[in-house]
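**Q** Have a look at the structure that comes next, please.
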Amino acid sequence: MSIRPQRPAPATPAPGRLPITELAEMKARRQPIVMVTAYDAPGGRLADQAGADLVLVGDSAAMTVLGHDSTVPATMDEMLVLTRAVTRGSRRPLVIADMPFGSFQVSDEDAVRNAIRFVKEAGADAVKLEGAGPMLSRVRAIVGAGVPVMGHLGLTPQSATMLGGFKAQGRTAEKALALLADARALEAAGCFSLVLEAVPSPVAARVTRDLSIPTIGIGAGPDCDGQVLVWHDLLGLYEGRTARFVKRYADVAGTIRTALEEYAADVRERRFPEEQHTYAMPEDELALFEEAVRTSRDVETWL
Ligand code: KIV
């Protein structure tokens, strides 16, 4: 039996795991950082095999996996289950757990407690949280407790209602300046990188040049230090309306539907299972079995 090593806490990174410090070096080398979301063990494994640097267990799971209309309902318990599955599947990429709405807004203590749960109970390497302002003290507290934090600015889906919906942010000089100030503040608070979502490309480029930590863009143009896409969007698994910034690389939903339709037709037409999908038994045992059934009414007495 092969025993796979347990993922250790971030203080002792596993052999082969991308060191978190490498991200700043990638930025300095202008080597693009690849991040993708994943929500289960096969997803973590495939992202790893494809060479992703970072795997985000996004609270987008609330919409893509759990069927909600927004990310807000995602709970700590749900995110812990999903994060645990992803960390079991992936080895080299850093796994970042998205802190769900309500898990960090109330107090620094709550934020630290929940960030530590992601590391201890789910094997996450880091956490991500949305926003700046009052969240800066959360970042300081979590980083102070030894857990790396990724920031998230621009369109922050947990506060989409406050932002007036799912729309691009930082589109006026004043808003772009505020975004730059927030980005600087998050870097100063200790974030190791920053997601910029739905931000005009020139603003994201300016923020990227300004910071020494890497920016990871989603709908923020080509000049960010890295890019992230949501698993279901990228693979064509999410069939709702997708944002302008989504590029679909496959039609996995179509592939799955066709396979399921073929399976259903095979079952109905008795084409499945075939000989190779079934188990045989020795002829003499079968004969004994049939004879026993024929001669006895009471099945219990055979055993
Ligand atoms: O939850 C998520 O998937 C995210 C990405 C869109 C960055 O936050």
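The values are calculated or read from the model by the stated rules, or taken from the named source; none is laboratory data. The shown structure was predicted, so the numbers you read here are calculated from the model rather than taken from an experiment. In this analysis, Cβ positions are derived from the backbone assuming ideal geometry, glycine residues included, and neighbour counts consider all displayed protein chains. Each accessible area value is taken on the protein alone, full model and side chains, heavy atoms only, with ligands, DNA and RNA left out. Shrake-Rupley method; radii C 1.70, N 1.55, O 1.52, S 1.80 Å.
**Q** In a Gaussian network model over the chain where Cα atoms closer than 10 Å are linked, find which of Pro273, Pro222, Pro32 has the largest mean-square fluctuation.
**A** The residue that fluctuates most here is Pro273.
**Q** Here's a follow-up. Please give the calculated 222 nm ellipticity per residue for the chain, where each DSSP H segment of at least 4 residues contributes -39500 (n - 2.57) and the sum is spread over every residue; nearest 500 deg cm²/dmol?
**A** So the helix-based figure for the chain works out to -12000 deg cm²/dmol.
**Q** Under 19 Å Cα to Cα from Lys167, which aspartates and glutamates show up? Leave out anything in the same chain fewer than 8 places away.
**A** Asp59, Asp69, Glu130, Asp182, Glu197, Asp233
**Q** Roll a 1.4 Å probe over the protein chains and send me the accessible area per residue for the chain in Å².
**A** On a per-residue basis, the chain sits at 55 Å².
**Q** On C-alpha positions alone, give me the angle between the axis of helix 252-268 and the longest principal axis of the chain, in degrees, nearest 10.
**A** The angle comes out at about 10 degrees.
**Q** Roughly what would the spin-label model give for Arg29 and Arg209, points 7 Å off Cα along C-beta, in nm?
**A** Using points 7 Å along Cα→Cβ, the separation is 2.4 nm.
**Q** Right, next: From the C-alpha gyration tensor of the stretch 126-245, pull out the three semi-axes of the equivalent ellipsoid (sqrt of 5λ each), sorted largest to smallest, in whole Å.
**A** Semi-axes (√(5λ), whole Å): 22, 17, 14.
**Q** On to the next question. Taking the Cα centre of the chain as origin, sum charge times position over the Cβ atoms of Lys and Arg (+1) and Asp and Glu (-1), and report the length of that vector in debye to the nearest 20.
**A** Its charge dipole is roughly 1620 debye.
**Q** What distance in nm separates the two pseudo spin-label positions at Tyr263 and Glu109, each 7 Å out from Cα along the beta-carbon direction?
**A** So the label points at Tyr263 and Glu109 sit 4.9 nm apart.
**Q** Same structure, new question: Using only the Cα atoms of the chain, construct the convex hull and provide its projected area averaged over every direction, in square nanometres to one decimal.
**A** 22.3 nm²
**Q** Tell me, what HN-Hα J-couplings in whole Hz come from the Karplus equation 6.51 cos²θ - 1.76 cosθ + 1.60 at θ = phi - 60° for each residue of the stretch 277-283, using x for Gly and Pro?
**A** Listing the rounded values in order: 9, 10, 10, 9, 9, x, 3 Hz.
**Q** Shifting gears a bit: So if each residue of separation counts as 0.36 nm, and I subtract the Cα-Cα distance between Lys167 and Ala50, what length gain in nm does that give?
**A** Additional length available on full extension: 39.1 nm.
**Q** If amide hydrogens are placed 1.01 Å from N in the peptide plane, which non-local residues have theirs closer than 5 Å to the one on Lys128?
**A** Ala97, Asp98, Met99, Met150
**Q** Something else now. Testing the spin-label approximation: label points 7 Å from Cα along Cα→Cβ at Arg248 and Asp284. State their distance in nm.
**A** Going from the Arg248 label point to the Asp284 one covers 6.1 nm.
**Q** Moving on to the next point. Share of the chain's accessible area from carbon and sulfur, percent, 1.4 Å?
**A** The value for the chain is 56 percent carbon and sulfur by accessible area.
**Q** Cβ under 10 Å from Gly226's Cβ, Gly226 left aside: what net charge do those residues give with Lys, Arg +1 and Asp, Glu -1?
**A** Neighbour charge sum, excluding Gly226 itself: -1.
**Q** Can I ask one more? Can you list the lysines whose alpha carbon is less than 22 Å from that of Lys27, not counting same-chain residues fewer than 8 positions off?
**A** Once the sequence-local lysines are set aside, what remains near Lys27 is Lys128.
**Q** How large is the charge dipole for the stretch 153-303, taken about the Cα centre, if only the Cβ atoms of Lys, Arg (+1) and Asp, Glu (-1) carry charge, to the nearest 20 debye?
**A** My answer is approximately 1600 debye.
**Q** Assuming 0.36 nm per residue, please report the length gained on full extension of the stretch Val81 to Arg241 beyond their Cα-Cα distance.
**A** Length gained between Val81 and Arg241: 54.9 nm.
**Q** Nearest 0.05, what FRET efficiency do Ile20 and Arg271 give at R0 = 41 Å with Cβ-Cβ as r?
**A** Approximately 0.20, to the nearest 0.05.
**Q** Further question on the same structure: Can you give the local net charge around Thr255? Use residues other than it whose beta-carbon is closer than 14 angstrom to its beta-carbon, Lys and Arg +1, Asp and Glu -1.
**A** -2
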